[in-house]
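Shown next, in structure tokens, is the structure this report addresses.
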Amino acid sequence: MSSKHGTWPYPRVLAHRGGGTLAPENTLAGVNEGMQRGFRAIEFDVMLARDGVAVVMHDPYLGRTVAGSGNVPDYDSVELSGMDAGSWFGPAYAGEPVPNFVEFAQYCKANGIWMNIEIKPVPGHEAATGATVARIAAALFADEIGTPAAPLLSSFSMAALAAAQDAAPQLARACLFDTLPPDWQAQARALGAVAIHTNHRHLTASTTQAIQSAGLGLLCYTVNTPTRARTLQSWGVDCLCTDRLDLIGPDFT
Ligand code: G3P
Ligand code: MG
């Protein structure tokens with residue numbers, strides 16, 4: 001890493017939700033789409049099914065990306081694995097399953113894909129989700145802890161991050177905020193976070209500077225135009241998370 005990004009040892013551009021908007025989100029098909037485009041770094045979302053098994057999914061309910069009705073905690077993970085998370089995107093993806101988190105992470109690791117794992121708890125399941133995800137990631141990356149190859153956990157839920165910290169303090173964490181709260185630095189410090197992840201729409205150059213002066217890394221989501229990506233990079237933002245793998249490649253500058 002260049003000295004400009006001294007607090008960010010990770011890749012500089014991530015494929016949002018696995019493969020951005022070029023394939024169904026949070027699926028292996030998305031990861032494969034990104035790989036074909038040269039991406040070796042992704043962000044994705046994880047929550048718990050009824051049986052406490054972690055699955056890769058964004059919404060806590062079915063209907064948008066997964067054919068069906070009800071909520072994720074109404075189903076065991078094997079039931080979700082049998083559901084169709086691809087048809088909504090296009091017929092070529094029919095039958096693409098809701099990934100089991102362990103299998104998904106193993107696949108990424110085997111293919112050299114770096115992971116920003118967003119802990120996305122179903123409301124009311126914050127601590128259990130944070131602890132489960134952290135334990136699994138720590139076990140999978142036991143030999144890489146402390147190196148840039150290990151995953152970075154992030155969450156909008158500070159309770160989930162606190163549980164992750166308790167379960168696997170050795171894993172790096174990032175506080176995820178849509179709009180930065182006034183006490184972002186105190187929250188990051190309390191959780192031992194190494195970075196702030198935030199919506200680029202609300203970010204300014206001076207906030208970028210404040211975050212980096214605090215010794216924290218800075219990731220922005222979801223950056224989908226090259227013009228905006230260049231502006232954020234000129235401010236010194238460490239990492240961009242994008243849907244548009246076709247416009248903002250892994251080595252974008
Ligand atoms: O982790 C960054 C970004 O994914 C947060 O928003 O809703 O796409 O999970 P969302
Ligand atoms: Mg996410």
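Screening Ala92 with (1) surrounded by fewer than 23 Cβ atoms within 10 Å (Cβ to Cβ); (2) closer than 19 Å to Pro73 by Cβ gives one miss only, at (2).
Look at Ala134 and say whether it is in a helix (DSSP H, G or I) and modelled with pLDDT of 95 or more. Can you show your working first?
Details: in a helix (DSSP H, G or I): yes; modelled with pLDDT of 95 or more: yes.
Judged against the criteria, Ala134 is a match.
Annotation: Ala67 fulfils all but one of (1) surrounded by fewer than 17 Cβ atoms within 10 Å (Cβ to Cβ); (2) modelled with pLDDT of 95 or more; the unmet one is (2). Just checking, does segment 152-164 include any residue being farther than 22 Å from Pro123 by Cα and away from ligand 1 (no atom under 14 Å from the Cβ)? Within segment 152-164, none of the residues are farther than 22 Å from Pro123 by Cα and away from ligand 1 (no atom under 14 Å from the Cβ).
Can you find, within segment 232-253, the residue that is surrounded by the most Cβ atoms within 10 Å (Cβ to Cβ) among those that are acidic (Asp, Glu) and within 16 Å of ligand 1 (Cβ to nearest atom)? It comes out as Asp238.
On the stretch given as segment 16-61, residues that are over 19 Å from Ala137 (Cα atoms) and among the hydrophobic types (A, V, I, L, M, F, W, C) total 5.
For segment 47-82, give me the residue count where each residue is in contact (Cβ under 8 Å) with a residue 40 or more places away in the chain and closer than 22 Å to Ala164 by Cβ.
Count: 12.
The values are calculated or read from the model by the stated rules, or taken from the named source; none is laboratory data. Just so you know, these numbers come straight off a predicted model, no measurement behind them. Every residue, glycine among them, receives a Cβ derived from its backbone with ideal geometry; neighbour counts consider all protein chains shown.
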